[in-house]
1. Counting other C-beta atoms within 10 Å, which of Val116, Val38 has the fewest, and how do the rest follow?
2. Please state, to two decimals, what the Cα-based radius of gyration of segment 102-198 comes to when divided by 2.2 N^0.38 Å (N = residues).
Amino acid sequence: MSNANFLAGTALVNYNTLNVVGSSVFSTGNLDNRGTLVLGPANGFPGVNASISSGTNSGTLRVDGTQVSVSAYNLNNTGVISNEGSWYGSFLQHAGGQFNNAGTLTLNGSTTLLGVSSLVNSGTVVLEDGVLEIAAGAQISGSGRFVQQAGLARVNGHLQALGGIDIQGGLVQGTGTSEGPFIVGTAGRWKLGIRQAR
């Protein structure tokens, strides 16, 4: 799908490769991605507006481009999600919805968890570069790991990674709380203001 396309439906099952690009509007009631799903820009159009009411990703879901907007209410990931664009979403909007990550969530662009968002992580969240914004009231929680290689993590909500918080590079700042064993490497900076939860 490219340019001025609109995809809406109650269910989308993808086993192969699906590129949703250009000025497309992508809205699905239930996503089951077992292949490769790419949301991104093409042919001079800057990006995609995507809405996922609920879904499962056991394949690869890639977000490219700075104008890609993704809003997800219930999303379970056991595969790989790679954000190299802008991922915006309030993951806890309807009926206690949340983003469950048991795979790998790789962040390179701009990712924002709004005020009532919840990302439950039992896998690995890697901030390779870019900005991760955890707004006041939002949280990343769970038994998994959080690894920051570069970029900025602005934590005004709660960052819990019981498998470890590993700040290899970049800056972590904010007024929120963190929970879990953490290591700050020589290239990483942990700016005072974030409180360690008890």
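1. Ranked by crowding around the Cβ, least crowded first: Val116, Val38.
2. Here the Cα radius of gyration is 0.92 times the empirical estimate.
Values in this text are rule-based calculations from the coordinates and carry no lab data. All figures in this text were calculated on a predicted structure; none of them were measured in a lab. Using ideal geometry, Cβ is built from the backbone for each residue, glycine included, and neighbour counts are taken over all protein chains shown.
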